[in-house]
1. Any residue at all in the range 9-18 that's assigned to a helix (DSSP H, G or I) and of a type outside the set (A, V, I, L, M, F, W, C)?
2. Just to be sure I understand, how many residues within the range 60-103 are of a type in the set (Lys, Arg) and in a helix (DSSP H, G or I)?
3. Quick test for you: out of VAL70, VAL44, pick the one residue that is in contact (Cβ under 8 Å) with a residue 40 or more places away in the chain, β-branched (Val, Ile, Thr), away from ligand 4 (no atom under 16 Å from the Cβ) and under 19 Å from ARG96 (Cβ atoms).
4. Just a yes or no: is a residue in the range 23-40 of a type in the set (A, V, I, L, M, F, W, C), over 15 Å from THR60 (Cβ atoms) and within 16 Å of ligand 4 (Cβ to nearest atom)?
5. Hey, among the residues in the range 63-79 that are hydrophobic (A, V, I, L, M, F, W, C) and under 18 Å from GLU93 (Cα atoms), which one's surrounded by the fewest Cβ atoms within 10 Å (Cβ to Cβ)?
6. May I ask you to verify whether THR60 is over 16 Å from MET100 (Cα atoms), of a type in the set (Val, Ile, Thr) and loosely packed, with under 15 Cβ neighbours inside 10 Å?
7. On the basis of being surrounded by fewer than 19 Cβ atoms within 10 Å (Cβ to Cβ), aliphatic (A, V, I, L, M) and within 16 Å of ligand 2 (Cβ to nearest atom), does ALA41 make the cut?
Amino acid sequence: MQAFDINKNGKLELAEVKSAAAARFDELNPDQDDSLDAREAGSVLQGNVFRRADTDGDGTVNKAEYLAYVEQMFELADTDKDGSLDRTELDAEAGRALLMLLR
Ligand SMILES: [Ca+2]
Ligand SMILES: [Ca+2]
Ligand SMILES: [Ca+2]
Ligand SMILES: [Ca+2]
């Protein structure tokens with residue numbers, strides 16, 4: 001998580017999580033067409049998770065959908081609702097699921 005913690009305060013804020021997620025998205029999307037099909041999303045978004053992230057149901061996940069999904073997972077992981085994720089929150093199930101979406 002150190003790599004994502006840009007302001008080095010030992011916690012992840014939403015802005016940090018989103019910039020890491022945007023970088024991950026670009027990495028998963030080598031054809032640069034602004035969307036991930038199920039194959040590109042591969043191990044990161046599988047099955048139900050892919051369908052949940054694909055909010056407009058067009059069979060691909062674009063960057064806005066990816067970041068919106070990441071934001072949802074952030075809210076879920078931030079159990080004390082202080083706007084940042086500490087080590088304990090990141091080690092919980094929702095936190096680990098969120099980290100999978102980042103680079
Ligand atoms: Ca931070
Ligand atoms: Ca693509
Ligand atoms: Ca979509
Ligand atoms: Ca928190």
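1. Within the range 9-18, one or more residues are assigned to a helix (DSSP H, G or I) and of a type outside the set (A, V, I, L, M, F, W, C).
2. Selection size over the range 60-103: 3.
3. From the options VAL70, VAL44, the qualifying one is VAL44.
4. no
5. Going through the qualifying residues, I end up with LEU76.
6. no
7. No; evaluated as a whole, the condition is false for this residue.
Read-outs throughout are calculated quantities, based only on the coordinates presented, and are distinct from any laboratory measurement. Everything quoted here is computed from the prediction, not taken from an experiment. For neighbour counting, all protein chains shown are included, and Cβ atoms are generated from backbone atoms with ideal geometry for every residue, glycine included.
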